[in-house]
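Undergrad: Quick one: the structure is below, and I'll ask about it shortly.
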Amino acid sequence: VFPPAGEAPWATARVLLGPLADAPGLAGLAPAVLARLATVLPAVRDAFPALPPADGDEWAVVEAARAAVEEVAAEVPVLVVVASATRADPMTRRLLLALARRLPVPGVCLATSAPADEMAEAAEWAPLLDLPTLHRIDVAELAPVAEAAPLAQAAPPAAATRRRPMLLVA
């Protein structure tokens, strides 16, 4: 799920990144980076109350969020899933693009969907279409959610492992 067009900056990312606030590995980030991340995820400041005031511009916050995903991924695998990414708020789109440009990153998997016509019309996504790490799947039509639910219920449970993957979904 993503917020409708015109939603507040970072609205999708707040939902998407919420599990990072208490994720393993986050403490490995510099206090200044954590302070920038806390501007998007206030729970980070709750977890690290001695953080300095946040500094930097919007791009510094994007880089802090990207660094947080990568730092957590060094401890546990992180799967980032965003449906209709072209419709997410601008700051979340910047974050997704920053993540995608750095792939492959060990432990990080980024999966997004977008209508082909919206992807073609959005100039910001054009550089990604040529990335060698991008695996594009064109889907003519997806089944309605009600039809897909039995498939999800029939899937076998994941085997227990020492490193549980983190799933970030918006």
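Undergrad: Hey, got a sec? Which trypsin sites (Lys or Arg not before Pro) in segment 45-139 land in a DSSP loop and have at most 13 other Cβ atoms within 10 Å? All intermediate terms of the calculation are to be shown ahead of the outcome.
TA: On the way: sites: ARG45, ARG66, ARG87, ARG93, ARG94, ARG101, ARG102, ARG136; in loops: ARG136.
Here the sparse-neighbourhood loop sites are ARG136.
Undergrad: Right, next: How big is the Cα convex hull of segment 9-96 in projection, averaged over all directions, in nm²?
TA: Over every viewing direction, the Cα hull of segment 9-96 projects on average to 5.1 nm².
Undergrad: Ordered by residue, what ³J(HN,Hα) values in Hz, to whole numbers, does segment 57-74 give under the Karplus form 6.51 cos²θ - 1.76 cosθ + 1.60, where θ = phi - 60° and Gly and Pro are x?
TA: The phi angles translate into 8, 4, 5, 5, 5, 4, 5, 5, 5, 4, 4, 5, 4, 5, 5, 5, 5, 5 Hz.
Undergrad: Scan around GLY25 for amide H atoms under 5 Å from its own, H built in the peptide plane at 1.01 Å from N, and keep only partners 5 or more places away or cross-chain.
TA: HN-HN under 5 Å from GLY25: empty list.
We did not get these values from a lab; they are worked out from the coordinates using the rules stated. All values reported here derive from a predicted model rather than from experimental measurement. Using ideal geometry, Cβ is built from the backbone for each residue, glycine included, and neighbour counts are taken over all protein chains shown.
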